[in-house]
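For reference, the structure is listed below as structure tokens.
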Amino acid sequence: MRLKKHFCLVLACITIFGCFSVPAAAADVGEQRTAITERRATGKFDFEIPGKTMMKASSSFPMDYGETITITASYVPASASMDFGLIDSDGTFYPVRASDGSINQTIRIDLKGTYTFAVRNNSSYEVAVSGFVNY
């Protein structure tokens with residue numbers, strides 16, 4: 001009878017200590033997932049841009065070769081000629097032409113560097129623009 005009690009006590013200890021180690025491993029995996037998903041961000045914009053003007057974001061972001069940025073936006077009047085794109089650290093603008101009052105375009109980065117989001121109004125009149133940039 002005494003041997004049976006000791007055996008049950010040993011099994012209970014193993015079970016208790018086994019339960020304590022499982023949550024620690026699960027917490028490590030969750031922290032790793034968080035670090036991976038924090039690399040992507042979304043920026044919202046909503047402004048009016050005068051005719052024959054380029055507006056750029058107030059902050060830049062580093063991008064590596066092969067990464068992508070997605071621009072989803074709409075503008076009124078839809079007849080306006082609009083370019084959305086990125087400006088590199090040398091000041092070169094890489095535009096994508098929008099049409100019919102909207103754009104939903106993904107741009108793949110070919111050169112590692114720091115980029116700034118920009119919108120250019122090629123029309124002679126003011127245009128209201130709103131949307132999102134995901135990078």
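Does the stretch 119-135 hold any residues that are assigned to a strand (DSSP E or B) and of a type in the set (Gly, Ala, Ser), and which are they? Working first, answer last.
Residues of the stretch 119-135 that are assigned to a strand (DSSP E or B), as a first pass: 119-121, 127-134.
If the condition is that a residue be assigned to a strand (DSSP E or B) and of a type in the set (Gly, Ala, Ser), then Ala128, Ser130, Gly131 are the ones that fit.
Restricting attention to the stretch 47-103, which residues are among the hydroxyl-bearing types (Ser, Thr, Tyr) and part of a strand (DSSP E or B)? Walk me through how you get there before you give the answer.
As a first pass, look at the stretch 47-103 and keep what is among the hydroxyl-bearing types (Ser, Thr, Tyr): 53, 58-60, 65, 68, 70, 72, 74-75, 79, 81, 89, 92, 94, 99, 102.
Result: Thr53, Thr68, Thr70, Thr72, Ser74, Tyr75, Tyr94, Ser99, Ser102.
Out of the residues in the stretch 96-111 meeting the condition of being over 19 Å from Gly66 (Cα atoms) and over 18 Å from the mean Cα position of the chain (by Cα), tell me which one is surrounded by the fewest Cβ atoms within 10 Å (Cβ to Cβ). Lay out the reasoning, then the answer.
Filtering the stretch 96-111 down to residues over 19 Å from Gly66 (Cα atoms) leaves 97-103.
In the following step, the residues that additionally are over 18 Å from the mean Cα position of the chain (by Cα) were identified as 97-102.
Working: Arg97: 13, Ala98: 23, Ser99: 11, Asp100: 9, Gly101: 15, Ser102: 14.
Filtering first and then ranking leaves Asp100.
Being closer than 19 Å to Glu48 by Cα, exposed (fewer than 15 other Cβ atoms within 10 Å of the Cβ) and hydrophobic (A, V, I, L, M, F, W, C) is the filter here, so list the residues in the stretch 66-95 that pass it.
In the first step, residues of the stretch 66-95 are kept if they are closer than 19 Å to Glu48 by Cα; the result is 71-86, 95.
Still in the list and also exposed (fewer than 15 other Cβ atoms within 10 Å of the Cβ): 76-79, 81.
Within the stretch 66-95, Val76, Ala78 meet the criteria.
Every read-out reported here was derived from the displayed coordinates using simple, explicitly stated rules and does not represent laboratory data. A quick note: this is a predicted structure, and the numbers were derived from the prediction, not measured. Here the Cβ is made from the backbone with ideal geometry for all residues, glycine too, and neighbour counts use every protein chain on show.
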